[in-house]
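Okay, structure first, notes after.
The values are calculated or read from the model by the stated rules, or taken from the named source; none is laboratory data. Just so it is clear, the model here is predicted, and its values are computed rather than measured. Cβ coordinates were reconstructed from backbone atoms using ideal geometry, including for glycine residues, and neighbour counts include every protein chain displayed. When the accessible area is computed, the model is the full protein with side chains, heavy atoms only, and any ligands, DNA or RNA have been set aside. Shrake-Rupley method; radii C 1.70, N 1.55, O 1.52, S 1.80 Å.
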Amino acid sequence: MLTIKNLSAGYGGPIIIHDVALEVGEGQIVTIIGPNGAGKSTVLRSIFGLTQIEKGSSIFFHQNNLIGLPTSETAERGICYVPQGRSIFPTMSVEENLEMGAYIRKNKEEIRENMEYVYEKFPRLYERRHQKTKTLSGGEQQMVAFGRALMLKPELLLLDEPSIGLAPKVVADIFEKLLEIRKDGTAILMVEQNAHMALEISDVGYVLELGRNKLHGPGKELLQDDRIAEAYLGKISGK
Ligand SMILES: Nc1ncnc2c1ncn2[C@@H]1O[C@H](COP(=O)(O)OP(=O)(O)OP(=O)(O)O)[C@@H](O)[C@H]1O
Ligand SMILES: [Mg+2]
């Protein structure tokens, strides 16, 4: 459903990512891993129209080119983005944050249905719906960020480091939720430092280094790959 080819982009200065190729199929979970500064977030931002994209790049969602579209139009077409650091509104309640997620929707009934879906997925958010989000735990705040993105019932969810700063047990819960969200029909493209846990639930993984594709393959295969094990999984090859 998402096909990226020859993607080169930056922020007006030097080009940061070069000829990146990546695909997300219908209902897949795809993870990008790689060292700090590799350009992982830049790939997600490019899909969402937040970078300067070089000529010759293409980003197709179904049959349509996304390059040049305003972000609201990209969201309208079914892609939602949770940036690194979540960026929820701390002094607003859980429910107000969720309402903000539906900003491009006018149909009240549809908004209510989507909110019910989010509360069904995250009962904890329902319990805390009137609480300011700054009073929530890190895991709960991440759920608000997911919930807000799910208010548009996207076909594709872009997540930048969803597990950052969370305890391993909370990360496991969050990844469990991602599997459920996928089962409900939303594909996921995420960037993760937590390579091991992310690749375990991913259909496909991509390794990005110095702004370029390094390798890719099924998540489970990458977990067995010595090059990945040494660089990203904290293992020494042969063990
Ligand atoms: N808004 C910006 N303006 C200019 N340069 C930027 C901007 N955002 C990122 N960069 C630069 O682009 C390069 C890649 O950054 P990016 O955030 O895509 O990497 P990353 O792989 O997501 O790293 P991390 O793991 O640290 O999040 C870095 O050298 C960074 O300094
Ligand atoms: Mg990043």
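Given +1 on the Cβ of Lys and Arg, -1 on the Cβ of Asp and Glu, and no further charges, what dipole in debye does segment 87-153 carry about its Cα centre, rounded to the nearest 20? Walk me through the numbers on the way to the answer.
Numbers: 12 positive and 10 negative charges, 33 e Å.
Computed about the Cα centre, the dipole is about 160 debye.
Within segment 93-127, list the trypsin sites (Lys or Arg not before Pro) lying in a DSSP loop whose Cβ has at most 11 other Cβ atoms in a 10 Å radius. Mind showing how you got there, number by number?
On the way: sites: ARG105, LYS106, LYS108, ARG112, LYS121, ARG124; in loops: ARG105, LYS106.
Those satisfying the criteria are LYS106.
If the elastic network links every pair of Cα atoms under 10 Å, which of GLY219, GLY211, GLY185 fluctuates the most in the Gaussian network model of the chain?
With Cα springs under 10 Å in the chain, the top fluctuation among GLY219, GLY211, GLY185 is at GLY185.
Taking the inverse of the average 1/r across all pairs of different Cα atoms in segment 87-153, what Kirkwood radius in Å do you get? Display every interim value, and only then the final one.
Working: mean 1/r = 0.0876 Å⁻¹.
With all distinct Cα pairs of segment 87-153 included, I get 11.4 Å.
Which residue fluctuates most in the GNM of the chain (Cα springs below 10 Å): THR135, THR31, THR186?
Sorting by GNM fluctuation, first place goes to THR135.
Residue by residue through segment 151-164, which ³J(HN,Hα) values in whole Hz follow from phi under the Karplus form 6.51 cos²θ - 1.76 cosθ + 1.60 (θ = phi - 60°), with glycine and proline marked x?
The phi angles translate into 4, 9, 6, x, 7, 9, 10, 9, 10, 9, 6, x, 9, 4 Hz.
Averaged over every viewing direction, what's the projected area of the C-alpha convex hull for the chain? Give it in nm², one decimal, please.
Details: hull surface 51.4 nm².
Over all viewing directions, the chain projects a mean Cα-hull area of 12.9 nm².
Taking +1 at the Cβ of each Lys and Arg and -1 at the Cβ of each Asp and Glu, which of LEU189, LEU166, VAL207 sits farthest along the dipole of segment 104-239 towards its positive end, judged by Cα position relative to the Cα centre?
LEU166
Give, as a single signed number, the net charge of other residues whose beta carbon lies under 14 Å from the beta carbon of SER41, with Lys and Arg counted +1 and Asp and Glu -1. Don't skip to the answer; put the middle values down first.
Values: positive: LYS40, ARG45, ARG86; negative: ASP160, GLU161, GLU192.
Cβ neighbours under 14 Å give a net charge of 0.
Kindly give Rg over Rh for segment 5-92, based on alpha-carbon atoms, with the Kirkwood expression for the hydrodynamic radius.
Numbers: Rg = 13.6 Å, Rh = 14.1 Å.
So for segment 5-92, dividing Rg by the Kirkwood Rh gives 0.96.
In segment 1-126, carbon and sulfur make up what percent of the accessible area (probe 1.4 Å)?
With neighbouring chains kept in place, the figure for segment 1-126 is 49 percent.
Of SER137, GLY147, TYR126, which is farthest on the positive side of the dipole of segment 87-153, counting Cα position, with +1 on Lys and Arg Cβ, -1 on Asp and Glu Cβ, and the Cα centre as origin?
Comparing the listed Cα positions along the dipole, SER137 ranks first.
Out of GLY205, GLY27, GLY56, any idea which swings most in a Gaussian network model of the chain, alpha carbons joined below 10 Å?
It is GLY56.
Amide H to amide H under 5 Å from ILE32: which residues, 5+ apart in sequence or cross-chain, H placed 1.01 Å off N in plane?
Sorted by chain and number, the residues that satisfy this are MET190, VAL191, GLU192, TYR206.
Taking Cα centroids, how far is segment 98-175 from segment 46-92 in Å?
Spelled out, the Cα-based centre of one part sits 19 Å from the other.
Cross-link list LYS121/LYS220; LYS183/LYS220; LYS134/LYS169; LYS108/LYS177; LYS40/LYS106; LYS134/LYS214: which exceed 29 angstrom alpha carbon to alpha carbon? List each step's numbers first, then the result.
Working: LYS121/LYS220 27 Å; LYS183/LYS220 19 Å; LYS134/LYS169 21 Å; LYS108/LYS177 26 Å; LYS40/LYS106 33 Å; LYS134/LYS214 39 Å.
Where the Cα-Cα span goes over 29 Å, the pairs concerned are LYS40/LYS106; LYS134/LYS214.
Short version: ³J(HN,Hα) in whole Hz for each residue of segment 102-112, in order, from phi by Karplus 6.51 cos²θ - 1.76 cosθ + 1.60 (θ = phi - 60°), x for Gly and Pro, what are they?
Along segment 102-112, the couplings run 9, 3, 8, 8, 9, 6, 4, 4, 5, 4, 5 Hz.
Can you give me the long-range amide H partners of SER8? Hydrogens built in the peptide plane at 1.01 Å from N, cutoff under 5 Å, separation of 5 or more residues or another chain.
ASP19, VAL20, GLU54, SER57
Mean separation of Cα pairs under 8 Å and 6+ residues apart, divided by the residue count of segment 15-123: what relative contact order is that in percent?
On the way: 46 pairs, mean separation 15.8, N = 109.
Once normalised by length, the contact order is 15 percent.
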